[in-house]
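Beneath this line is the structure, given in structure tokens, with notes to follow.
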Amino acid sequence: MTKEEVFTKVQAVIAEQLEKDADKITMETSFSEDLDADSLDIFEVVDKLEDEFNIDIDTDENMDTVGKLVDYVSENIDK
């Protein structure tokens, strides 16, 4: 799966979970500053992505932007 495909799925999950416009979610989007997401919101996004990609996401990683989360998922999806 390409990073672009991962981004598209992550973008859709974030938009659905946080009730945001997917078109406004980019790789540079900050969870706290741009999406007003708190730790519970992020947990729900991570939980959904773990199911979607069948991976475990280490929440200790610094994933403050969508791009960092996409990078993490891309690197761990085929392990």
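The values are calculated or read from the model by the stated rules, or taken from the named source; none is laboratory data. Model, not experiment: these values are computed from the prediction. Cβ: placed from backbone, ideal geometry, glycine included. Neighbour counts: every protein chain shown. The protein model used for the area step is the full one, side chains on, heavy atoms only, and it has no ligands, DNA or RNA in it. Shrake-Rupley method; radii C 1.70, N 1.55, O 1.52, S 1.80 Å.
Numbers below:
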read-out	value
Every pair of residues 6+ apart whose Cβ atoms lie under 9 Å, when the first sits in the stretch 53-65 and is at pLDDT 95 or above and part of a helix (DSSP H, G or I) while the second is surrounded by 10 or more Cβ atoms within 10 Å (Cβ to Cβ) and not β-branched (V, I, T)	F53/M1; F53/K9; F53/N76
Residues being of a type in the set (A, V, I, L, M) and farther than 18 Å from K9 by Cα - total across the stretch 38-79	1
Residue that is most open to solvent (accessible area, probe 1.4 Å) [pool: residues in the stretch 1-24 that are among the charged types (D, E, K, R) and not in a helix (DSSP H, G or I)]	E19
Residue within the stretch 39-52 that is at pLDDT 95 or above, hydrophobic (A, V, I, L, M, F, W, C), open to solvent by less than 70 Å² (accessible area, probe 1.4 Å) and part of a loop (DSSP other than H, G, I, E, B) present	no
